[in-house]
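Right, I'll just put the structure down here and ask away after.
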Protein chains: 2
Amino acid sequence: MAQAIQLARKGWFTTRTNPRVGCVLVKDGQIIGQGWHEKPGYAHAEINALNVAGDNARGATAYVTLEPCAHHGKTGPCAEALVEAGVVKVVAAMLDPNPLVSGKGMQILQNAGIKVEHGLMSSEAQQLNPGFIKRMTTGLPRVVAKIGMSLDGRTAMANGESQWITGADARRDVQRLRAESGAVITGSGTVVIDNPSMNVREPAYITNPHFTQPIRVIIDSQNIVEPDAKIFSNEGHCWLVSGHLSVKDYPDNVEQKKVELMPSKDKMSHHKINLKALLMMLAEAGIDDVLIEAGSGLVGSFIEQELVDELVVYIAPKLMGSAARPMALLPLETMQQNLELKLGDIRQIGNDLRLNYYFKKA
Amino acid sequence: MAQAIQLARKGWFTTRTNPRVGCVLVKDGQIIGQGWHEKPGYAHAEINALNVAGDNARGATAYVTLEPCAHHGKTGPCAEALVEAGVVKVVAAMLDPNPLVSGKGMQILQNAGIKVEHGLMSSEAQQLNPGFIKRMTTGLPRVVAKIGMSLDGRTAMANGESQWITGADARRDVQRLRAESGAVITGSGTVVIDNPSMNVREPAYITNPHFTQPIRVIIDSQNIVEPDAKIFSNEGHCWLVSGHLSVKDYPDNVEQKKVELMPSKDKMSHHKINLKALLMMLAEAGIDDVLIEAGSGLVGSFIEQELVDELVVYIAPKLMGSAARPMALLPLETMQQNLELKLGDIRQIGNDLRLNYYFKKA
């Protein structure tokens with residue numbers, strides 16, 4: 001199973017909107033076939049492994065990181081393929097997280113007289129697909145907010161200046177975060193002020209023929225983003241999100257998305273996009289993992305509405321001062337209201353520090 | 001020499017206002033005597049080592065972490081004692097950092113026909129006494145600012161609430177910072193609002209008979225601290241620092257110190273204590289290491305005036321929000337003005353993270 005998990009990882013940057021899955025076929029103590037899923041529309045891991053094993057699969061045991069599928073999608077159901085190939089036992093690390101189909105693949109196998117087991121290395125298997133699992137169980141994608149800040153928790157000077165807080169190594173690491181996400185969300189303020197590309201440029205990712213750019217999602221509730229913004233000029237799809245469709249003539253890769261507005265608590269401020277509705281739209285489009293790269297206002301709104309799963313914080317070794325902009329605009333009054341986090345990974349990246357924190361769900 | 005440095009460390013919490021020093025005497029490849037300095041007024045490391053070796057010291061080589069002293073202080077000059085004992089070679093890790101006496105001890109030894117060397121493991125030896133070295137070379141103590149904050153860089157809620165941001169383990173670690181400091185500086189605001197003790201309470205330190213409490217220094221430019229404040233109620237000396245002596249009747253362990261005021265740039269705010277003058281007074285009193293435990297205003301002033309050498313930052317896994325008080329009140333306008341730091345040690349302490357940062361001197 002450890003080998004199957006290693007195989008699944010080979011699809012880390014390319015399987016979306018499908019899960020990462022690996023499969024190893026074993027007979028008489030020998031590996032006789034193995035495979036992983038590469039990309040939607042391509043064969044599933046089990047089929048790739050069966051193709052390697054050929055007739056030899058008869059009598060083999062299949063180790064697979066996720067329950068074999070039972071449905072006819074772009075490819076036939078893997079459970080039936082395993083039956084036809086004559087495997088005698090299937091060990092799945094975890095059942096399908098989708099409550100509508102969970103257990104159905106195992107049922108097909110069992111009905112055909114195949115021995116089935118599940119749960120072996122299930123925690124490792126879950127870590128292959130945290131976004132997919134969250135989407136299947138909640139209807140929302142996994143949301144990671146990336147923050148580049150100074151030690152004193154500032155993400156831009158009061159005048160908006162923010163290039164560059166972190167070093168080149170940290171910015172390269174952000175390329176990885178983008179590459180493993182199905183969508184990158186930013187705000188119109190960032191687009192207008194910084195005019196970023198927000199695409200994946202690292203050769204390690206884009207030279208993979210199976211790689212596709214994440215959807216760039218721009219929240220533009222006031223329709224201020226112009227068609228010549230750099231973010232539209234690169235390969236890949238963009239969503240321009242507002243409560244009102246704009247009449248501006250955007251490039252072909254830009255899709256305008258109308259999302260409902262939320263009544264504003266503060267009468268002075270304009271109405272805001274319903275962020276949860278937006279995330280549900282992304283989940284419906286098959287997006288498992290969303291990365292937020294935005295200013296403190298938008299990041300604060302996502303956090304305040306409890307929509308963020310993880311913070312990836314790059315801390316630069318500098319002080320930007322107390323007049324600079326906060327990590328997240330988040331008005332809290334008492335310590336009782338403080339938001340609790342759990343520290344995950346700690347890593348030094350160049351001169352910066354990368355910290356992963358998870359939100360504790362109430 | 002490595003052994004001598006280990007010995008010197010045994011005096012880590014007790015030698016102030018003297019440096020930490022260790023000495024090992026070697027003859028015919030055998031250690032025949034070793035010692036370290038424990039406390040002012042007690043024998044120096046060399047004398048302790050010579051006492052162990054006795055007559056056997058004749059013909060030995062002395063390894064000592066700091067140049068033997070040449071002056072008659074509370075104890076006789078160690079250089080002469082080494083001559084009298086008949087050692088034939090002295091290896092010092094570093095020369096005395098005090099420019100007025102540096103090299104004089106070695107000169108006495110050399111004049112007596114003893115072979116001398118210095119520089120072996122000098123970097124490790126310097127780390128034994130960073131505060132002593134700074135005081136001897138600049139007339140100012142080494143200043144460490146301790147910060148307990150949330151991930152978003154906040155040290156108190158807007159209403160002043162700040163207990164407790166960090167966990168019990170981090171607070172215990174702060175006891176160590178206090179125990180290795182000659183003085184702990186705080187502000188009248190902290191004393192009035194939090195009413196802290198600011199003393200060392202950990203048994204590991206206070207049960208050592210040579211341990212003395214650091215001086216608690218309260219900056220009270222507006223004379224608002226009352227005589228019944230808890231900070232005065234514990235064992236140990238306190239300095240109450242202001243531009244004007246108060247007529248209040250403070251306990252006997254409280255010494256009022258008048259320090260010059262600085263003209264305030266901002267006409268709205270009251271005059272402020274000249275912090276550099278205060279640090280010079282502490283250095284004159286023999287204080288090598290100063291710990292600042294104060295609110296964002298005072299911490300910001302020390303940083304702004306470039307008086308801080310090191311930040312020890314405890315980051316609690318929580319968000320306190322953007323209305324909360326900053327890590328340090330520090331008005332900067334452009335990224336050009338950002339203060340550059342260098343990351344030192346990273347350690348997880350309970351659920352918190354401890355980061356050591358050093359200021360890059362311009």
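Would you list, by chain and number, the aspartates and glutamates whose Cα falls below 17 Å from the Cα of B:LYS276, excluding same-chain residues fewer than 8 positions away?
B:ASP220, B:GLU260, B:GLU284, B:ASP288, B:ASP289, B:GLU293, B:GLU304, B:GLU306, B:ASP309, B:GLU310
Which links in B:LYS230/B:LYS272; A:LYS230/A:LYS361; A:LYS360/B:LYS230; A:LYS272/A:LYS361 stretch past 30 Å when you go from one Cα to the other?
Listed pairs above 30 Å: A:LYS230/A:LYS361; A:LYS360/B:LYS230.
Here is a further query. Mind giving me the nanometre distance, one decimal, between the label points for B:ARG201 and A:ARG9, set 7 Å out from Cα along Cα→Cβ?
With each label point 7 Å from Cα toward Cβ, the separation is 4.7 nm.
May I pose another question? Taking the solvent-accessible surface of protein heavy atoms with a 1.4 Å probe, what is the per residue accessible area of region A:1-128 in Å²?
Normalised by residue count, the accessible surface of region A:1-128 is 46 Å².
How charged is the neighbourhood of A:GLN107? Take every other residue with its Cβ under 15 Å from the Cβ of A:GLN107, and add Lys/Arg as +1 and Asp/Glu as -1.
Cβ neighbours under 15 Å give a net charge of -2.
Moving on to the next point. Compute for region B:78-214: radius of gyration divided by Kirkwood radius, i.e. Rg/Rh, restricted to C-alpha atoms, rounded to two decimals.
Over the Cα atoms of region B:78-214, Rg/Rh equals 1.15.
Let me know the mean shielding of B:131-141 by other chains, meaning the per-residue number of their Cβ atoms within 10 Å of its Cβ.
0
Return the value, in Å² to the nearest 100, of accessible area buried between chains A and B (probe 1.4 Å, both sides summed).
For chain A against chain B, roughly 3500 Å² becomes buried.
Leaving out same-chain residues fewer than 8 places away, which lysines sit with a Cα under 27 Å from that of B:LYS104?
Cross-link targets: B:LYS10, B:LYS27, B:LYS39, B:LYS74, B:LYS89, B:LYS115, B:LYS134.
Give me the mean projected area, in nm² to one decimal, of the convex hull enclosing the Cα positions of the protein assembly as shown.
The number I arrive at for the protein assembly as shown is 41.0 nm².
Let me ask something additional. Could you name the residue in chain A with the C-beta closest to the rotation axis that superposes chain A on chain B, along with the separation in whole Å?
A:GLY153, 1
Okay, moving on. Where the eigenvalues come from the Cα gyration tensor of region A:175-334, what are the semi-axes √(5λ) of the equivalent ellipsoid, largest first, in whole Å?
After diagonalising the Cα gyration tensor, the semi-axes are 24, 21, 16 Å.
Now for a separate question. With a sphere of radius 9 Å drawn around the Cβ of A:TYR314, what net charge do the other residues whose Cβ falls strictly inside it have (Lys, Arg +1; Asp, Glu -1)?
That works out to +1.
Further, regarding this structure: State which stretch of chain B is the longest one without any exposed GluC sites (Glu not before Pro), exposure meaning a DSSP loop state and at most 13 other Cβ atoms within 10 Å.
Maximal segment without exposed cleavage sites: B:1-234.
What full-extension length gain, to one decimal in nm, is calculated for B:PHE211 and B:GLU306 as 0.36 nm per residue of separation minus the Cα-Cα distance?
Fully extending the segment from B:PHE211 to B:GLU306 adds 31.1 nm.
Excluding A:GLY22 itself, calculate the net charge of residues whose Cβ lies under 15 Å from the Cβ of A:GLY22, where each Lys or Arg counts +1 and each Asp or Glu counts -1.
0
Oh, and also: Which FRET efficiency value, to the nearest 0.05, is calculated for A:SER246 and A:ASP28 with the Förster distance at 51 angstrom and r the Cβ-Cβ distance?
With R0 = 51 Å, the Cβ-Cβ based efficiency is 0.20.
Note the distances from A:VAL88 to each other copy's matching label point, with points 7 Å along the Cα-to-beta-carbon direction, in nm, sorted shortest first.
So the distances to the same position in the other copies read 8.2 nm.
Take every DSSP beta bridge whose two residues both sit in chain B, then give the antiparallel share in percent to the nearest 5.
Antiparallel: roughly 45 percent of the beta bridges in chain B.
Could you work out how far apart the two model spin labels at A:ASN159 and B:SER123 are, taking each label as a point 7 Å from the Cα in the direction of the beta carbon, and quote it in nm?
My value for the distance between the label points is 4.0 nm.
So how far, in whole Å, is the C-alpha centre of region B:297-360 from the one of region A:2-18?
Cα centres, region B:297-360 to region A:2-18: 40 Å.
Where Rh is the Kirkwood radius over the Cα pairs of region A:281-362, the temperature 4 °C and the viscosity 1.567 mPa s, what D in µm²/s does Stokes-Einstein return?
Result for D is 88 µm²/s.
Right, something else. Which whole number gives the average count of other chain Cβ atoms within 10 Å of the Cβ atoms across peptide B:354-360?
That works out to 2 on average.
May I ask you to work out the translational diffusion coefficient for chain A at 10 °C, viscosity 1.306 mPa s, via Stokes-Einstein with Rh from the Kirkwood sum over Cα pairs, reported in whole µm²/s?
72 µm²/s
Here is a follow-up. Quick one: with all protein chains in place, what share of the accessible area of chain B is carbon or sulfur, to the nearest percent (1.4 Å probe)?
Ligands and nucleic acids excluded, carbon and sulfur give 50 percent.
Sticking with this one: How many nanometers, to one decimal and shortest first, lie between the label point of B:PRO209 and those of its other copies, if labels sit 7 Å from Cα toward Cβ?
8.2
Rounded, prolate or oblate for region B:1-143? Axes are the square roots of the Cα gyration tensor eigenvalues, ordered a ≥ b ≥ c, and the cut-off for rounded is a/c under 1.5.
prolate
Continuing with the same structure: Would you work out the charge dipole size for the protein assembly as shown about its Cα centre, treating the Cβ of every Lys and Arg as +1 and the Cβ of every Asp and Glu as -1, and quote it to the nearest 20 debye?
That gives the protein assembly as shown a dipole magnitude of about 260 debye.
Where the only charges are on Cβ atoms (+1 Lys, Arg; -1 Asp, Glu), what is the dipole of region A:322-362 about its Cα centre, to the nearest 20 debye?
140 debye
Measuring from a point 7 Å out along Cα→Cβ, what nm distances, shortest first, does B:GLN110 have to its partners in the other copies?
8.9
So for B:HIS237, A:HIS37, what's the accessible-area order with a 1.4 Å probe, most first?
These residues rank, largest area first, as B:HIS237, A:HIS37.
Could you size up the charge dipole of chain B around its Cα centre, putting +1 on the beta carbon of Lys and Arg and -1 on that of Asp and Glu, and report it in debye to the nearest 20?
Its charge dipole is roughly 280 debye.
A further question on this structure: Considering only B:VAL174, B:ILE303, B:PRO40, whose Cα is most displaced toward the positive end of the charge dipole of the protein assembly as shown, charges sitting on Cβ of Lys, Arg (+1) and Asp, Glu (-1)?
B:PRO40
The values are calculated or read from the model by the stated rules, or taken from the named source; none is laboratory data. A quick note: this is a predicted structure, and the numbers were derived from the prediction, not measured. Here the Cβ is made from the backbone with ideal geometry for all residues, glycine too, and neighbour counts use every protein chain on show. To get the accessible areas, we keep the full protein, side chains included, count just its heavy atoms, and leave off ligands, DNA and RNA. Shrake-Rupley method; radii C 1.70, N 1.55, O 1.52, S 1.80 Å.
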